[in-house]
Amino acid sequence: MTATAPRFGSAPLVRLLLVTTVLLGTVFTVLSGTASAHAALTGSTPEDGAVVATAPKDISLTFSEQVAMGDNSIRVLDPSSKRADTGKIRDLSSGSTVAYGIDLHAGLPDGTYTVAWQAVSADSHPISGAFTFSIGAPSKTTATVPAEEAGGGVVGVLYDIARYVSYAGFILLVGGAAFVLGCWPRGASVRPLQRLVVQGWLTLTAATLVLLLLRSPYTGSGELSDAFDLGGLRDVLATKTGAALVSRLLLLGAAALFVAVLFGAYAKRETPRDREESEEESKERKDLTFGLAIGGTVVAAGIAGTWALAEHASTGIQPGLAMPVDVLHLLAVATWLGGLAALLVALCRAPSLENAAVRRFSRIAFISVVVLAATGLYQSWRQVGSWSALWGTSYGQLLLVKVGLVGVLVGIAWFSRRWTGRLGQRAEAETEAKAQTETGVGVGAEAATGSETGSGADTAAATTVVGDSERATQLARQKAALATARQKRIRDADPGRIGLRRSVLAEAGVAVVLLAVTTVLTSTEPGRTAEQEAGATGGTTATAPATEGPIALTLPFDTGGENGKGTVRLSLDPGRSGANAMHIYVDGPDGQPLDVPEVKAAFTLTAQQIGPLPITPEHLAPGHWSADAVQIPMPGDWQLQLTIRTSDIDQTTVDKNVKIG
């Protein structure tokens with residue numbers, strides 16, 4: 001037996017290390033490359049809101065970094081919402097300039113045209129936008145663009161759920177296996193822990209397949225039915241994210257071999273024996289443990305690398321340092337939170353858990369938190385960049401929430417460490433329960449043996465003995481069940497174990513929320529990039545959410561003449577960029593409609609040097625003025641100016657800043 005054991009334990013591990021090393025090298029080779037974080041549209045020809053005298057031959061868009069575009073990524077719509085482009089997108093990039101263009105049909109009539117675009121940023125997240133320009137003069141337009149941003153809708157929700165589930169599966173797989181190897185080797189033979197790790201593998205594999213199928217509609221059409229489009233899947237496989245997902249599936253194949261060895265050969269060697277372990281067997285067991293630890297670390301690092309090399313870490317400043325730091329960050333999170341889940345399962349489902357295992361996990365968790373803090377601090381500096389971005393961007397605000405949750409988690413962990421110190425190991429009680437279990441099983445075995453010995457005397461005697469044997473076996477099962485129940489009562493009666501179980505359960509609850517915030521954070525534009533875009537555009541929309549829904553304003557006015565005081569009420573529906581319906585109501589001091597000779601309006605976007613865009617509403621009824629298809633070319637902080645004339649010489653202009661989404 002000792003001659004064959006090394007071949008059974010060592011050969012699969014050698015193959016595992018070779019396979020995973022090749023796969024990991026393939027991942028880094030295929031996915032290598034850097035960029036600069038979320039892309040942004042930095043310019044266009046014609047410019048947003050421009051009025052050109054003659055129809056241009058094409059439209060060009062310039063981006064802050066390399067983006068991926070499909071066949072339908074740029075659409076130009078005429079005032080009647082018909083396609084005005086030829087559908088052929090050309091790559092106009094040269095040097096450090098990233099630009100794409102699309103040709104227009106010849107002989108386009110005058111009017112306002114809408115350009116809608118969508119692309120995939122270098123950090124794998126979809127981006128989109130729209131703007132307008134006019135030929136000859138602005139006009140009414142019925143062109144509509146998707147109300148949802150790229151990556152939104154049902155597909156976006158399902159994709160985000162799959163991303164959350166994939167993180168959870170990775171944490172359970174890596175953290176559960178690390179808990180068994182590093183804290184409680186005997187746990188390899190405990191069924192609940194085996195199920196936890198296997199479920200983590202199944203969850204991560206299933207979520208990766210879903211992400212691969214949803215990637216095409218997520219970055220493209222947004223239609224769920226396109227998830228099974230083979231052409232779209234082929235295009236996804238040619239992208240960096242598609243290669244990362246396929247590489248993750250290959251690495252999960254190696255992880256399946258690791259799990260099989262962990263709960264097969266390793267579990268058998270760690271199962272308590274009635275005899276003393278020989279020196280050779282002890283050496284073989286240690287070699288197997290070491291091989292599993294090395295192989296498991298390589299596989300886990302490779303899987304973590306599929307995230308690091310395809311998302312935020314692969315873009316922006318210092319990507320060569322950021323990617324390995326991100327891998328360490330993910331491994332630390334998985335070791336801590338996944339080990340926490342394994343500890344909770346062991347406390348609630350395992351018949352016994354040694355104090356030494358809990359203390360080992362406490363030390364490993366402490367090291368994981370230190371690594372997590374160090375890598376998280378570097379990532380925060382890299383992605384945020386300034387105090388203003390920390391407070392004034394969505395990424396920075398989410399990061400503060402994450403830091404707060406980590407603080408709560410560390411606080412609860414401190415109580416868990418205190419319970420760990422108080423945990424009473426009731427070895428004598430457990431030993432007694434175990435002895436009673438073995439005694440019960442022995443009685444059943446002896447009864448069964450006696451029945452076999454007495455068989456054959458005569459037919460009546462054999463029947464009696466067989467009946468006694470069945471009753472003895474049943475009695476043995478009952479005694480074993482009672483001993484197990486007694487052992488569970490002894491385990492649950494330990495106040496230290498109860499307190500530790502509750503604190504660990506609280507940690508797990510906070511960890512679930514923390515994982516959700518982290519998932520949202522990884523799909524949010526980094527604060528450093530958002531602040532840079534705000535600086536480039538004058539700070540119009542990067543640091544504050546736009547107002548949603550119709551806009552309603554009430555402004556007092558006083559022209560200084562007779563009957564020159566009153567209130568003007570304005571509504572703008574739907575209150576976002578594009579066509580809007582405007583209604584203006586002028587009331588006198590008594591609240592009744594005030595019929596004035598003239599009302600005018602104008603919008604100015606100072607940051608972009610757009611405007612003033614004059615609007616001359618139509619007089620519908622006393623005190624009521626209206627204008628249809630008021631064109632707001634882009635979202636931002638617009639200055640609204642209302643001019644009210646109450647006589648031939650008396651008029652005034654009131655203004656108000658309005659945030660339009």
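Okay, here's what the table says:
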read-out	value
Filtered residue count, segment 591-603, keeping only those that are open to solvent by 20 Å² or more (accessible area, probe 1.4 Å) and at pLDDT 85 or above	7
Any hit, segment 322-337, residues being surrounded by fewer than 19 Cβ atoms within 10 Å (Cβ to Cβ) and not hydrophobic (A, V, I, L, M, F, W, C)	yes
From the options Ser121, Ser94, residue that is farther than 17 Å from Pro46 by Cα and open to solvent by 20 Å² or more (accessible area, probe 1.4 Å)	Ser94
Hits in segment 62-85 (condition: closer than 12 Å to Phe133 by Cβ and among the aliphatic types (A, V, I, L, M))	Val76, Leu77, Ala84
Members of segment 45-63 found to be hydrophobic (A, V, I, L, M, F, W, C) and either open to solvent by 30 Å² or more (accessible area, probe 1.4 Å) or over 37 Å from the mean Cα position of the chain (by Cα) (or both), listed by number	Ala50, Val51, Val52, Ala53, Ala55
Counted residues, segment 288-299 - those being in contact with a Ser or Thr (Cβ under 7 Å, 6 or more places away or on another chain) and open to solvent by 20 Å² or more (accessible area, probe 1.4 Å)	1
Search result, residues across segment 638-661 that are in contact with a helix residue (DSSP H, G or I) (Cβ under 7 Å, 6 or more places away or on another chain) and either of a type in the set (Val, Ile, Thr) or at pLDDT below 85 (or both)	none
Selection count, segment 604-623, where residues are surrounded by fewer than 17 Cβ atoms within 10 Å (Cβ to Cβ) and under 17 Å from Arg569 (Cβ atoms)	5
So Pro56, is it part of a loop (DSSP other than H, G, I, E, B) and under 14 Å from Ser44 (Cα atoms)	yes
Filter result (open to solvent by 10 Å² or more (accessible area, probe 1.4 Å) and not aliphatic (A, V, I, L, M)) within segment 634-646	Pro635, Asp637, Gln639, Gln641, Thr643, Arg645, Thr646
Residues of segment 64-91 satisfying the condition of being open to solvent by less than 40 Å² (accessible area, probe 1.4 Å) and closer than 26 Å to Ala579 by Cα	Ser73, Ile74, Val76, Leu77, Asp78, Pro79, Ala84, Asp85, Gly87
Residues within segment 614-627 that are without any contact (Cβ under 8 Å) to a residue 40 or more places away in the chain and either part of a strand (DSSP E or B) or in contact with a Lys or Arg (Cβ under 9 Å, 6 or more places away or on another chain) (or both), tallied	8
Residues of segment 227-260 satisfying the condition of being of a type in the set (Lys, Arg) and within 19 Å of the chain's Cα centre (by Cα)	Lys240, Arg248
Any chance Thr241 is touching a Lys or Arg at 6+ places or on another chain (Cβ under 7 Å) and either modelled with pLDDT under 90 or surrounded by fewer than 22 Cβ atoms within 10 Å (Cβ to Cβ) (or both)	yes
Residue count for segment 208-226, restricted to those that are more than 19 Å from Ser128 (Cα to Cα), within 19 Å of the chain's Cα centre (by Cα) and either without any contact (Cβ under 8 Å) to a residue 24 or more places away in the chain or surrounded by 22 or more Cβ atoms within 10 Å (Cβ to Cβ) (or both)	3
Index of the failed condition, Gln631 passing every other in (1) crowded, with 20+ Cβ neighbours inside 10 Å; (2) under 30 Å from Ala116 (Cβ atoms); (3) in contact with a His (Cβ under 7 Å, 6 or more places away or on another chain)	(3)
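The values are calculated or read from the model by the stated rules, or taken from the named source; none is laboratory data. Since the model is a prediction, treat every value here as computed from it, not as a measurement. In this analysis, Cβ positions are derived from the backbone assuming ideal geometry, glycine residues included, and neighbour counts consider all displayed protein chains. Areas reflect the complete protein model, heavy atoms only, side chains present, ligands, DNA and RNA absent. Shrake-Rupley method; radii C 1.70, N 1.55, O 1.52, S 1.80 Å.
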